[in-house]
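Read through the structure below, which is laid out as structure tokens, and then see the notes.
Where a number appears in this text, it was derived from the coordinates with a stated rule and is not lab data. Small disclaimer: the values here were computed from a predicted structure and weren't measured. A quick note on method: Cβ atoms are made from the backbone with ideal geometry, for glycine too, and the neighbour counts reach across all protein chains shown.
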Amino acid sequence: NSKVIQTPRYLVKGQGQKAKMRCIPEKGHPVVFWYQQNKNNEFKFLINFQNQEVLQQIDMTEKRFSAECPSNSPCSLEIQSSEAGDSALYLCASSLWTGVSNERLFFGHGTKLSVL
Amino acid sequence: AQRVTQVQPTGSSQWGEEVTLDCSYETSEYFYRIFWYRQLFSGEMVFLIYQPSFDTQNQRSGRYSVVFQKSFKSISLVISASQPEDSGTYFCALSEPPSNYNVLYFGSGTKLTVEP
């Protein structure tokens, strides 16, 4: 069973509504990633954090998406104004990344967002 | 542009057969890694095996092994003695640390069905 916990498993929103999902990384993992997987199995990297600091994020993330990883609280990804094209599986992953190593990502079950 | 290509959208085998899933990728980095993940029906991505670019030896892990053809930028996942529980979607992913903070570029996956 995955040790990366994502909630909720399913999220249904209307267009224009906020959509928020949470992720608890595996214990001791300082690095957290968010990916979007659409129905065609196309993955899009959204953002990653090391502890509370953003490492990288794509342009889309900067505009309608916001994310944070506060200390001692779950990480979260929020879509400010959902669009139909945001319907996807949102995967959270964590790792022990130390720069150059054989680090692998540990994934959660994902949050399936449906925007009606 | 697609960085990772999996040209087989689906595959099938009978219980006990060896299965080969193909993947090709594009990179200009000297150091990179190729990961293989299986996505369960729950959405969770499960790590199977990885191949570092600097290692000319094909990696093995249990029933999983890879055939790494670095000069052709291709890599195949080989599953020996396939079982119905191996059914799922298999993703190949490219990582180019440390330049991109361990972000994974995924292929579009191969959905494998293993018949009992």
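Any chance you could get the radius of gyration and Dmax over the Cα atoms of chain B, in Å?
13.7, 44
List the relative contact order of chain B as a percent without decimals, with contacts defined as Cα pairs under 8 Å and 6+ residues apart.
Relative contact order comes out at 37 percent.
Given the peptides A:109-116, B:40-47, arrange them by the average over their residues of other C-beta atoms within 10 Å, most packed first.
Order by mean packing, descending: A:109-116, B:40-47.
Around B:Asp86, under 14 Å between beta carbons, what's the net of Lys plus Arg minus Asp minus Glu among the other residues?
That works out to -1.
By how many nm would the segment from B:Lys111 to B:Ser42 lengthen if fully extended, with 0.36 nm per residue of separation less the alpha-carbon distance?
Gain on extension, B:Lys111 to B:Ser42, equals 23.4 nm.
How crowded by other chains is B:37-47, given as the mean number of beta carbons from other chains within 10 Å of each beta carbon?
The per-residue average across the peptide is 6.
With every atom except the alpha carbons ignored, what do you get for Rg and Dmax of the range B:2-69, in angstroms?
13.3, 39
Over chain A, one equal point on each Cα, no solvent: what is log10 I(q)/I(0) by the Debye formula at q = 0.22 Å⁻¹?
Values, matching the q order: -1.28.
Report the Cys residues of chain A lacking a disulfide-compatible partner, meaning no second Cys Cβ under 4.7 Å from their Cβ.
Among the cysteines of chain A, none has its Cβ 4.7 Å or more from every other.
Relative to 2.2 N^0.38 Å, what does the C-alpha radius of gyration of the protein assembly as shown come to as a ratio? Two decimals please.
Dividing the Cα radius of gyration by 2.2 N^0.38 Å gives 1.01.
Could you tell me the center-to-center distance, by alpha carbons, between the range A:1-57 and the range B:41-98 in angstrom?
Using only Cα atoms, the two centres lie 24 Å from each other.
Would the range B:32-72 count as rounded, prolate or oblate if I go by the C-alpha gyration tensor, calling it rounded below 1.5 in a/c and otherwise prolate when a/b exceeds b/c, oblate otherwise?
Taking the square roots of the gyration eigenvalues as a ≥ b ≥ c, the range B:32-72 is prolate.
Let me know the mean shielding of A:32-42 by other chains, meaning the per-residue number of their Cβ atoms within 10 Å of its Cβ.
Rounded to a whole number, the mean comes out at 3.
Can you list, largest first and rounded to whole Å, the semi-axes you get for the range B:68-116 by taking the square root of 5 times each eigenvalue of its Cα gyration tensor?
For the range B:68-116, the semi-axes come out at 27, 14, 9 Å.
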